[in-house]
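Derivation of every value follows stated rules applied to the coordinates shown; laboratory data play no part. What you see is a predicted model, and the numbers here were worked out from it, not measured in a lab. So basically every Cβ, Gly included, is an ideal-geometry build from the backbone, and we count neighbours across all protein chains shown.
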Amino acid sequence: MSSRTMVIGCGLAVVIQAVLPCLIAPVDAGENLDQAARETVEKRAVREFQARRFGMFIHWGPVSLRGTEIGWSRGAQVPIEEYDQLYKRFNPVSFDADAWARLATDTGVKYVVITSKHHDGFCLWDSQYTDYDIMATPFKRDILAELSDACRRHDLNFGVYYSLCDWHHPDYPRDSPGGRGRKPHPDMPRYFEYVKNQTREILQRYGPVGVLWFDGEWEQPWTSQYGNQLYRFLKEIQPDVVINNRVSKGRAGMQGTTRQSELNAGDFDTPEQRIGGFNRDRPWESCITIGRQWSWKPHDELKSLAECIQTLVRTVGGDGNLLLNVGPMPDGRIEPRQADRLREIGDWLKKYGDGVYGTRGGPFKPGGWGASTCRGHNIYLYVINWPDEGPLVLPPVSSNITQAMALGGGGVTVKQDDDAIRVSIPANERDPIATVIRLTLQDSALDIEPMDVPRLPSESLTFGRAVKASNVFLGMNQFAADKAVDDDADTRWATDEGVSKASLEVDLGEPRVVNRVYIDERQWNRVRRFELQVNQNGQWRTVLTGTTIGADYTATFKPVLTRRVRLRVLEATNGPTLYEFQLFGPATR
Ligand code: H79
C-alpha cells in the first residue's frame with residue numbers, strides 16, 4: 001500500500017505534493033542539449049523561478065550620493081556633467097555582501113536581483129568592455145563578484161538587472177533627460193555588440209544567473225529583432241537562465257503583460273509598481289519599491305509592514321512573484337529603517353510563509369477580502385478584511401475539506417455546503433495584517449478552477465451612488481467619477497492634465513448622517529487644498545477643510561444630516577485623481 005493511499009484512506013488528506021526548488025537537481029549549462037532537452041530545461045527553470053515567489057530588487061549606483069532617482073534624474077534634477085562625475089566619489093566602504101545576503105535571508109526572499117547597469121550606463125562590475133565601471137571609482141571592488149559569491153554562500157538565487165537603453169554610451173542613439181536627448185554619432189549595431197558582450201560576460205563570470213532582468217526596451221532604437229536575438233544568444237550560453245519580457249518589445253505599458261506574438265521573446269511578465277492581475281497561464285512578477293524611489297532617497301517614505309505583507313500575499317495569490325526593491329546608501333549599507341522593515345517582513349513570513357513559497361495562486365482569486373494560495377491538498381487563505389458580521393463566505397469547492405487550521409493559532413470554524421464555504425475565527429484571534437488559515441482537501445487543490453469571491457458589502461455611504469465630476473480625464477469612462485465611489489482601490493477618477501481645481505458631488509440617495517470621510521489619492525499627492533461641503537436646504541456648507549490628501553486620508557467632523565455632499569479641490573499641482581471618496585456616519589464604521 002502506498003503511503004498516499006493510506007493517508008487518504010484515513011480521511012486525513014495531508015499529502016503535500018510540493019516540489020520545492022531546492023529538491024530539484026541543478027541543471028548543467030550544457031552546450032550539447034538537443035531541442036527537446038533544452039525546452040525541458042527552460043520550462044523547469046521558469047517553474048523554479050516561480051516557486052521562489054519572493055525576491056529582493058536592489059537599485060544602486062553612484063547616483064545614491066545625490067539621493068535622486070537612478071537614471072531618470074540625469075539631465076533633470078542633476079545636470080548631466082555633474083551626474084556623470086559622481087562615480088569619482090563613489091566609495092561605499094561599508095559595503096558587505098554577506099551582510100546584504102544575511103538581510104535578504106532574514107527578509108525571507110529566495111532570490112536577489114541587482115542593477116548591473118541602469119539607464120545611466122554606469123556598470124557595477126569590472127567590465128572589460130567599458131571604463132565607466134566600478135574599477136574607475138575609488139572603491140575598485142567588483143560588486144557583482146562579491147554579491148554573487150555571497151548569494152551562493154547563503155543559498156540565495158542570484159539575478160541581474162540590465163538596462164538596454166543607455167543614455168550615457170556614445171553608440172546608443174538616445175540621451176538624457178529621459179531619452180529625449182540625442183547622441184551626435186550613434187551606432188546601434190555596435191551598441192548591440194556591446195550589450196551582447198556585457199551580458200555574456202555577466203553570465204560567464206557571475207553565473208549561473210537565476211534571472212536576467214532587462215529594462216529600457218521601450219525606446220525606439222531597441223527592436224524585437226535585437227530582443228529575440230539576444231534572448232536566444234543568452235539561452236545558448238546558459239540554457240536555464242530565466243529572462244523577463246522586457247528583453248523584447250511585447251510589453252504593454254506598466255501593467256507589464258506581454259502582447260502574445262512569437263516575435264516577443266521573454267519568460268515572464270513584469271507589472272511595475274502595481275500588483276498584476278490573477279494569471280496562472282503566464283508567469284509574472286511585480287516589481288514594487290519599499291519607498292517611493294528605486295535608488296536611495298534620504299527620508300524616503302516607506303511602506304508600512306501591513307502594506308508590504310498585503311502586497312506580497314495579493315501578488316502570490318494572483319500566481320505572481322514579488323520583487324521588492326530597496327536602494328542601498330552611498331556608504332554601502334542598506335538604510336537601517338529599510339532593513340528593520342525587511343526583518344519585520346521576514347519575521348511575519350517565518351510564521352505564515354508556508355503558504356507563500358512553492359505555492360500557486362488561487363483557487364479563490366484576490367479581492368477586497370484577501371487572497372489564497374495552494375499547494376498539494378492545501379489551500380492557504382490570507383484573510384485581510386473580515387465581514388463586519390458573520391463568517392467570510394467563499395464559493396464552494398467539490399472536494400471535501402478534511403482539516404482547517406489557523407497558522408497563527410486560534411479556533412477556526414469552517415462550514416462546507418454545496419453553496420458556500422463559511423469561515424470564521426474569533427475577532428481577537430485574527431492577525432491585523434492577514435489571518436492565515438490552511439484548509440486541507442481530500443483532492444489536489446490546484447485542480448480547482450479559480451473563482452472570484454463575492455465582494456463584501458460596502459459600509460461606505462457613497463458606494464455605488466450617483467456621482468458627477470467637474471472634469472474627467474479625456475472624458476474616458478475608465479477615469480469617470482463613479483470610479484471614486486466603487487470601493488475598488490484599483491480604479492480611479494482622474495481629471496485632465498493641468499487642471500488645478502475640481503469637484504466631485506455625490507447624491508447619497510436619501511438624507512444620511514455623516515461624520516467621517518476617507519479619501520485615497522495614493523502616490524499622486526496632487527491636492528494642496530480642499531474642502532468638504534454638505535448641501536442643506538439648497539445651501540452648500542463647509543464641514544471640513546484640508547491641505548494634502550495622499551494615501552488613506554481620513555478625518556472626522558461634527559455629525560451632519562445631508563443627502564448631497566461634494567468634495568472641492570481648490571488647489572492642486574496637477575489634475576487631481578482619486579481612487580476612493582468614501583463617507584461614513586456614526587452608525588457605520
Ligand atoms: O528600474 C526601475 C525604473 O527606473 C525603471 N524600471 C524599474 C524597474 C523604469 N524605467 N522607466 N520607467 C521605470 C517608467 C517609464 C515609463 C514610460 Fe513607458 C516609458 C512611459 C512611457 C515610456 C514603458 C512604455 C512604460 C509605458 C510605456
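Would you order MET405, MET476 from fewest to most other beta-carbon atoms within 10 Å of each residue's own beta-carbon?
Ranking MET405, MET476 by Cβ neighbours within 10 Å, fewest first, gives MET476, MET405.
What are the ³J(HN,Hα) couplings of the range 281-286, residue after residue, when phi is run through the Karplus curve with 6.51, -1.76, 1.60 and θ = phi - 60°? Round to Hz, x for glycine and proline.
My calculation for the range 281-286 gives 8, 10, x, 8, 9, 8 Hz in order.
Please state the Cα pair-distance histogram of the range 104-258 with 5 angstrom bins from zero: what percent is in each bin?
For the range 104-258, the binned pair fractions read 2, 9, 18, 21, 21, 16, 9, 3, 1, 0 percent.
Going down the table (LYS249/LYS501; LYS88/LYS110; LYS88/LYS235; LYS365/LYS415), which pairs top 30 Å between alpha carbons?
LYS249/LYS501; LYS88/LYS110; LYS88/LYS235
How would you classify the chain from its alpha-carbon gyration tensor, with a ≥ b ≥ c the square roots of the eigenvalues: rounded for a/c under 1.5, else prolate if a/b is greater than b/c, otherwise oblate?
Oblate is the answer for the chain, as a/c is 1.5 or above yet b/c matches or exceeds a/b.
Could you work out how far the C-alpha centroid of the range 60-113 sits from that of the range 350-369, in angstrom?
A separation of 32 Å, based on Cα centres.
Suppose only helical runs count, i.e. DSSP H with n ≥ 4. What mean residue ellipticity at 222 nm does that imply for the chain under -39500 (n - 2.57) per run, divided by all residues and rounded to the nearest 500 deg cm²/dmol?
-6000 deg cm²/dmol
Residues with amide H under 5 Å of GLY179's amide H, sequence separation 5 or more or different chain, H placed in the peptide plane at 1.01 Å from N; which?
It is none; the list stays empty.
Please compute the length gained on full extension between ALA555 and GLU39, using 0.36 nm multiplied by the number of residues separating them and subtracting their Cα-Cα distance.
Answer, rounded to one decimal: 180.1 nm.
Run through the DSSP bridge list for the chain and note the antiparallel percent, rounded to the nearest 5.
Here the antiparallel bridges make up roughly 70 percent for the chain.
If each of ASP490 and MET254 carries a label point 7 Å out from its Cα toward its Cβ, how far apart are those two points in nm?
Result for the modelled spin labels: 1.6 nm.
If you take the square roots of the eigenvalues of the alpha-carbon gyration tensor of the range 30-354 and sort them as a ≥ b ≥ c, do you get rounded (a/c under 1.5), prolate (a/b over b/c) or oblate?
rounded
Got a sec? How would VAL412, VAL560 order by Cβ neighbour count within 10 Å, fewest to most?
With the fewest neighbours first, VAL412, VAL560 line up as VAL560, VAL412.
Taking Cα pairs under 8 Å and at least six residues apart, what relative contact order does the range 418-544 come out at, in percent?
Here the relative contact order equals 17 percent.
What spacing in nm lies between the two simple spin-label points modelled at ARG343 and SER470, each 7 Å away from Cα in the Cβ direction?
Distance between label points: 4.9 nm.
Using the alpha-carbon centroid of each, what span in Å lies between the range 515-589 and the range 378-437?
Measuring centre to centre over Cα atoms gives 35 Å.
If you average the sequence gap of Cα pairs under 8 Å that are 6 or more apart and divide by the length of the range 30-354, what percent do you get for the contact order?
Relative contact order of the range 30-354: 22 percent.
Hey, what did the chain get for relative contact order, percent, Cα under 8 Å, at least 6 apart?
Relative contact order comes out at 12 percent.
In which sequence would GLU449, GLU571 go, from the one with the fewest C-beta neighbours within 10 Å to the one with the most?
GLU449, GLU571
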